[in-house]
Amino acid sequence: MNRGIYAAATAMQTSQRWLDVVTNNLSNANTTGYKRDVVAFNDTYVRELRAQGGAGEGIGSMGSGMYVKGEGTIRDKGAIFRTNNPLDLAIEMDHGMFAIETPQGVRYTRDGAFSLNSAGQMVNNGGGLVLSDRGTPITLPPGQIEINSKGEILVGGRTIATVGVFDGSFQKQGSNLYTSVDASVLSRDDVELRPMSLEGSNVNAIDAMVEMISLQRGFEMAQRTVLSEDEASQRLIQSLQR
């Protein structure tokens, strides 16, 4: 009976972890460039069952619940919508990120909502400096700004810089930013951007809500199983005492 309690308790713990991930995805359904997270599972312990008290041939296996093996990020492109802001950029490919210089070092993001600070430098919503394909901050002179699909920035018809798009392995840090130890700039021929547009989150809010409801029900079922197993154990102890 204790095995049943352990398995149900493990299911509750796993459901809670999974629910935290789904809830975070749902809360970022409207975050520009956000990529949803997923959870991978494994069995905590698989017991092989054999006939003749364990001495015979194998007749199957019995699990003891699941646990979270790890978390990952789905990098599929989100829907792109037009903003008409000349500094906004959306990456058309599933891969690739913009590089941002922050006080903590270079970070990466799919959020292309850019603007200019008082010094004429191109920055993101957090004030971090947007980096060019040369890895340097971008400073623009006064004038009419135009960015083409390769990230080239023209002011008054003159090319000033090119927005860098980098690819590699990325790890979420928070605040819609990523870290990377191997990111490298993509060549202009490999870059596809949509100017005056932003990429939405790749979270499907309806799917996330359905998943959250299912997880809550699964948690409640596991909770009832623990209570049922505990009551059965108490009845067994009482019968032995009699």
(message) Can you tell me which condition A99 does not meet? The list is (1) at pLDDT below 95; (2) in a strand (DSSP E or B), and all the others hold.
(response) (1)
(request) Could you run through region 139-185 and say how many residues are under 30 Å from G70 (Cα atoms) and either among the acidic types (D, E) or assigned to a strand (DSSP E or B) (or both)? (result) 13
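Residue by residue, here is whether (1) within 25 Å of Y34 (Cα to Cα); (2) in contact with a helix residue (DSSP H, G or I) (Cβ under 9 Å, 6 or more places away or on another chain); (3) assigned by TED's automatic domain parsing to the domain that holds N25 holds:
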site	(1), (2), (3)
Q144	no, no, no
G151	yes, yes, no
T162	yes, yes, no
Q173	yes, no, no
Y178	yes, no, no
L186	yes, no, no
A232	no, yes, yes
I237	no, no, yes
(request) Can you confirm whether region 194-205 contains a residue that is part of a helix (DSSP H, G or I) and small (G, A, S)? (result) yes
(request) Kindly check whether there is at least one residue in region 175-184 that is of a type in the set (D, E) and surrounded by 20 or more Cβ atoms within 10 Å (Cβ to Cβ). (result) no
(request) Specify the residue that is surrounded by the fewest Cβ atoms within 10 Å (Cβ to Cβ); the eligible residues are those in region 95-137 that are aliphatic (A, V, I, L, M) and under 19 Å from D167 (Cβ atoms). (result) V106
(request) Please state which of the following conditions A208 fails to meet, knowing it meets all the rest: (1) assigned to a helix (DSSP H, G or I); (2) surrounded by 16 or more Cβ atoms within 10 Å (Cβ to Cβ); (3) of a type in the set (G, A, S); (4) over 19 Å from the mean Cα position of the chain (by Cα). (result) (4)
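The values are calculated or read from the model by the stated rules, or taken from the named source; none is laboratory data. This structure is a prediction, so every number in the text was calculated from the model and none was measured. In this analysis, Cβ positions are derived from the backbone assuming ideal geometry, glycine residues included, and neighbour counts consider all displayed protein chains.
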